[in-house]
Amino acid sequence: MKSLKRVFCGLAVAAFVLQGCTSFMLKGPEEKPQANGRIAFAIDGVPQEHYSDGTFLKSGINTDTNSFILKIYSTAGEKVYEGAYGQRPMEISVTPGGYEVGLYSRNFTPPALDAPVFGEEHTIVVAENEQARVSFRCTQVNAGIRLQFEESFKEKFPGSGVALVQGEKRLEYGYSQTKYAYVSAEPFSIVYGTGGKDTLLLEKSLEAGQMVTMRLSHSSSRTTASVFKVEVDTTRAWSTMNFNAGLKIPTGALTIAEAKGHIGEKNIKVFGYLFGGDPSTTTVRVGPPFESRATIVIAPSMTERNRNNMMVVELPSGEVRDALNLVNNPDNLGRPVVVTGTIVQSYYGYPGVKSTKSYALL
């Protein structure tokens, strides 16, 4: 499984050093204001797909976020940037206004075989002399359908197969086909073609991220018209996940990415993995010995390497500090935890959690 491009560079005394290397951020908060607004980016994790039994499916999935397609257009339709995420300019300056920002794992024209698409879209407003931050949480944005045909169906509709039609594009789907066809989250049709004419079999729409298997059969009798039987095989439905989704996030808790949308709010529960300690604006210690009992660093997963995706958590003296600090509790390293506190705009240079009032080690 591929990982995100490493953002930390250099390793000294078990501390990842961020200074001097390129991260997903185009400009950090310490940069001086420009005449125009600026846009900065972060990716919260590499998307993966899996079957309901937990088996990962690698075919057709692009997990290299540097090759994802970044699209930035003004709300008036003017292109600012469209190209590989890893080749974007180090600084994107724009005039104040509204912008449509999207990140996608591939270009996609439905319907198509073996073409899952991961990404997210945002509409943002960039103010003069300010920086707009965009965080992408990549989930599947199209849907997949696999057709299976019973003999009764093939007897009624002889030939090689049927076709999926969405928009102006047509995809032939043979009776022996076993792959998933991917469609956008809009209505599509399944048709049977013979003699240059199409017979509409059914129309359907799927939601983004939905993966279904349909079994088609045909039966008729004196009292009923011809019918088609469609079964949705939920046991083979797929779902999408981030690196940290192996553990179910407790009800009421937010991911680190979600918590960043609650700056200034109190009593916010944040879920993460206890990634390290002894933070500075440029380093995080990821292994003992630790020195500070006053802070810990949480991340969406233990494979995370982007400092912007982490949060420093303040440990006030008392029960919270006694239980969570890594000086006295080095075995806590790597454990999932939920902390409750106030989300602040800047704590060691990045959004963080202060005034931590309670915790739960999971």
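Arranged from highest to lowest average of other beta-carbon atoms within 10 Å per residue, in what order do the peptides 187-197, 333-343 appear? Intermediate results must be reported in sequence, preceding the final value.
Numbers: 187-197: 13.6, 333-343: 19.5.
Highest-to-lowest ranking by the protection proxy: 333-343, 187-197.
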- Query: Taking θ as phi - 60°, what are the ³J(HN,Hα) couplings along region 201-208 by the Karplus curve (6.51, -1.76, 1.60), each to the nearest whole Hz, with x for Gly and Pro?
  - Reply: 8, 6, 10, 7, 9, 10, 8, 4
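What does the convex hull of the Cα atoms come to per residue for region 256-362, in Å³? Working shown, then result.
Working: hull volume 8.8 nm³, N = 107.
Cα convex hull per residue, to the nearest whole number: 82 Å³.
Which entries of 179/204; 204/269; 79/269; 154/204; 79/354; 260/357 show an alpha-carbon separation above 28 angstrom in the structure shown?
Working: 179/204 19 Å; 204/269 39 Å; 79/269 39 Å; 154/204 21 Å; 79/354 40 Å; 260/357 18 Å.
Flagged as over cut-off: 204/269; 79/269; 79/354.
From the square roots a ≥ b ≥ c of the eigenvalues of the alpha-carbon gyration tensor of region 299-362, which class results: rounded (a/c under 1.5), prolate (a/b over b/c), or oblate?
Numbers: a/c = 1.83, a/b = 1.13, b/c = 1.61.
Verdict is oblate for region 299-362.
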- When the Cα centres of region 269-289 and region 124-183 are compared, how far apart do they sit, in Å? 40
- Per residue of region 286-301, in order, report the coupling 6.51 cos²θ - 1.76 cosθ + 1.60 (Karplus, θ = phi - 60°) as ³J(HN,Hα) in whole Hz, putting x for Gly and Pro. 10, x, x, x, 9, 10, 8, 9, 8, 8, 9, 10, 10, 9, x, 6
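None of the figures in this text is laboratory data; all of them are computed from the coordinates on show. All of these numbers come straight from a predicted model, not from anything done at the bench. Cβ atoms come from the backbone with ideal geometry, glycine included; neighbour counts cover every protein chain shown.
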